[in-house]
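Everything on this sheet refers to the single structure shown next.
Nothing in this text is a laboratory measurement; each read-out follows from the coordinates by a stated rule. It should be emphasised that the depicted structure is a prediction, and the values quoted were computed from it without experimental measurement. Positions of Cβ are generated from backbone atoms using ideal geometry, with glycine treated the same way; all protein chains shown enter the neighbour counts.
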Amino acid sequence: MQIDFDKRYPVAATPEQAWAVLADIRATVACWPGAAIATQVDTRNYQGTVGLQVGAEVVRLDGGIELLAMDAARRELRLRGQGREAQGSDVTVQLVTRAEAGDVPGSSALVARATVTLGGRLAQTEKRLLASIGDRLLGQFAENFRAAAAAAPPPVALRTGAGAGGKRGSKLTSSGADSTLTLMVQAGQAPGAAFAAQESGTAAPLAPAAAGPWAGLRRWLARLFGRA
């Protein structure tokens, strides 16, 4: 069974801030409800898990994510995810996401096009139900993405090394396996606060990476939806 999605979500952050999150694979995955990257195989491949609610059942999929393309000029990210559950169902997702200029100055839009292919027992589920689940998950992803993008530092804070007039820019990075942005997204903290604190000479604590993306994501989602 194949289901296609084509969505556009407004984001109250600049395209540069949105791209700072989108270009960080781990930060982007941390925005997806129930998803976590466990290991990075190489520069393009990651292993992890995702859990989703299908009716009264929670389905856990183990699999991988492959980075197909990252186009900074278009602010576009292409991913392919494949997962399999213990009962034999398999899911493949082809995802293209892009950060575009928004309808008002200082805003952006998250464009997401996804093709989901299901096999095994999941393919026997009513297509309307699966489409509804997909819509809900994409909507939750967009909400989490909005929060991360709004908290991301402005473009000037993403510089490293010496800046204009000999001043050094921020040493904090926004990409990489253990980036500040990723860790703060996972811990439910505002990434922009760390950059602002460094620029002012004060320290902004990060949650330990050992806490894991699941714990941080749960805390973030709890605060986001008012359950903390």
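Side notes on the structure shown:
- All other residues whose Cβ lies under 12 angstrom from that of G120 are scored, Lys and Arg at +1 and Asp and Glu at -1, for a net of 0.
- Cα pair count fraction exceeding 14 Å, expressed as % - the range 53-138: 70 percent
- Stokes-Einstein diffusion coefficient of the range 1-91, Kirkwood radius over Cα pairs, 25 °C, 0.890 mPa s, in µm²/s: 167 µm²/s
- Counted charge near L110, where neighbours are those whose Cβ lies closer than 12 Å (Asp, Glu -1; Lys, Arg +1): +3
- Taking each residue as 0.36 nm, the span from D90 to F5 lengthens on full extension beyond its C-alpha to C-alpha distance by 28.8 nm.
- Nitroxide proxy distance, nm - points 7 Å out along Cα→Cβ at R74 and E126: 3.7 nm
- Using 0.36 nm per residue and subtracting the Cα-Cα separation, the extra length available between R113 and T39 on full extension is 24.1 nm.
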